[in-house]
Amino acid sequence: MIEVYDDFFDENIRQEIFDRLIKPHWGISGGDSSKPEIFWHYDGLEGSNHSGYFSEYLYKKICNKLDREFKGIERIYANGQTAGQCGTPHTDDGDLTFLYYPVPEWNVTWQGHLIFPKEERIIECKSNRAVLFDGSVDHYADAPSRFFNGLRISLAYKLWKK
């Protein structure tokens, strides 16, 4: 199961998410330390220092927009990649992964797409796009190209099915 939703949030919410995530709370802690992948990570978005924005307010909006209920949230975090930082195929914790791209704009030539190798499917990174998929499906984020000088951000919710 791989579902793609374009124009997921209204522009004010997309901008609020981006503004909250672009702040300097990033660390080079993402990826599997046993593999050659290292990328930017912003953990603990379900925590109290965000006043429930991600774990309550945004989570309710996601459930309403998807017209689904979930048993709960395993965790919420953001990944960030700069040019050349490519992920490796992996599966996720939780039953489902909700991935959202809050970037203001994205040019397809900047790459950084979500890749499902066994399904031979590529989901282009795109501003305000959301992807919901089974966490047990192998996937990875392709590196942004050297022509992109920013941080490719994806917001991830690891969810439990009801």
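The values are calculated or read from the model by the stated rules, or taken from the named source; none is laboratory data. In this text, all values refer to a predicted model and were calculated from it rather than measured experimentally. Note: ideal-geometry Cβ built from the backbone for every residue, glycine included; neighbour counts use all protein chains shown. Ligands, DNA and RNA are excluded from the accessible area calculation, which covers all protein heavy atoms including side chains. Shrake-Rupley method; radii C 1.70, N 1.55, O 1.52, S 1.80 Å.
At 1.4 Å probe radius, can you tell me the per residue accessible area of the range 84-162 in Å²?
Per residue, the range 84-162 has an accessible area of 43 Å².
Just to be sure I understand: with springs between alpha-carbon atoms less than 10 Å apart, which residue in Arg68, Arg129, Arg20 has the highest mean-square fluctuation in the Gaussian network model of the chain?
Result: Arg68 has the largest fluctuation of those listed.
Across 5 Å bins from 0, what is the distribution of all Cα-Cα pair distances for the chain, in whole percents?
For the chain, the binned pair fractions read 2, 9, 19, 24, 23, 16, 6, 1, 0 percent.
Mind giving me the nanometre distance, one decimal, between the label points for Glu124 and Glu11, set 7 Å out from Cα along Cα→Cβ?
Going from the Glu124 label point to the Glu11 one covers 2.0 nm.
Which value in deg cm²/dmol, rounded to the nearest 500, describes the helix-derived mean residue ellipticity at 222 nm for the chain, given -39,500 (n - 2.57) per DSSP H run of n ≥ 4 and division by the residue count?
Working: 2 runs with 20 residues, N = 162.
Rounded to the nearest 500, the figure is -3500 deg cm²/dmol.
Place the peptides 148-154, 7-13, 55-61 in order of packing, highest mean first, counting for every residue the other Cβ atoms within 10 Å and averaging per peptide.
Per-residue mean Cβ counts within 10 Å order the peptides as 148-154, 55-61, 7-13.
At a 1.4 Å probe, what is the % contribution of carbon and sulfur to the accessible area of the chain? Intermediate results must be reported in sequence, preceding the final value.
Details: 3900 of 8240 Å².
After summing per-atom areas, the C and S share lands at 47 percent.
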